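The values are calculated or read from the model by the stated rules, or taken from the named source; none is laboratory data. Computed from a prediction, not measured in an experiment: that's the story for all the values here. Neighbour counts are summed over all protein chains in view; Cβ atoms, including those assigned to glycine, are modelled from backbone coordinates with ideal geometry.
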């Protein structure tokens, strides 16, 4: 058997401690640090993905709400003629109405497009703008497709206005 001097024993113990520290570092500490770095990096990436997903879901909810609102508006069966009569009476331009023509058309057997053409003669511009605003902001799916304003012959501050409204309803009512 080998006999070591006290100096050799101290060097051998130091070598064992050094080898043990290196083994401990490469087997335990280095994998732990690598794992921690990867989890911290993936955590930030996961958070950015979660934020992106929340943004997409928010957009989805907005689009879904708009779609449901349009479907609700489409189920209302009355066209623009009833609203024209109601709002014209409200703003005092009912007597100035020359005609109110309505025509229907089917779009791909799912929608019914109703075109309503209305002409007013000799009305004040303020009453006309209030009428148009009320028609556009009613609870029906109505939009203006054409608007023509001509200066009236009778008075200086009165105008002749021709408006074409388009309204859409569900064709399968």
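Yes/no matrix, rows are residues, columns are (1) modelled with pLDDT under 85; (2) over 29 Å from the mean Cα position of the chain (by Cα); (3) assigned to a strand (DSSP E or B):
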{"position": "52", "(1), (2), (3)": "no, no, no"}
{"position": "59", "(1), (2), (3)": "no, no, no"}
{"position": "65", "(1), (2), (3)": "no, no, no"}
{"position": "72", "(1), (2), (3)": "yes, no, no"}
{"position": "104", "(1), (2), (3)": "yes, yes, yes"}
{"position": "117", "(1), (2), (3)": "no, yes, yes"}
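Do you know which residues across the range 115-139 are surrounded by fewer than 19 Cβ atoms within 10 Å (Cβ to Cβ), closer than 23 Å to residue 70 by Cα and touching a helix residue (DSSP H, G or I) at 6+ places or on another chain (Cβ under 8 Å)?
Residues satisfying the conditions are 134, 138, 139.
Do we find that residue 166 is assigned to a strand (DSSP E or B), in contact (Cβ under 8 Å) with a residue 24 or more places away in the chain and within 26 Å of residue 68 (Cβ to Cβ) in this structure?
The answer is yes for residue 166.
If residue 92 satisfies all but one of (1) surrounded by 11 or more Cβ atoms within 10 Å (Cβ to Cβ); (2) part of a helix (DSSP H, G or I), what's the number of the condition it fails?
All conditions are met except number (2).
Does residue 112 qualify as being buried (at least 19 other Cβ atoms within 10 Å of the Cβ) and part of a strand (DSSP E or B)?
Against the criterion (buried (at least 19 other Cβ atoms within 10 Å of the Cβ) and part of a strand (DSSP E or B)), residue 112 qualifies.
Can you find even one residue in the range 147-157 that is surrounded by 12 or more Cβ atoms within 10 Å (Cβ to Cβ), over 12 Å from residue 93 (Cα atoms) and at pLDDT 85 or above?
yes
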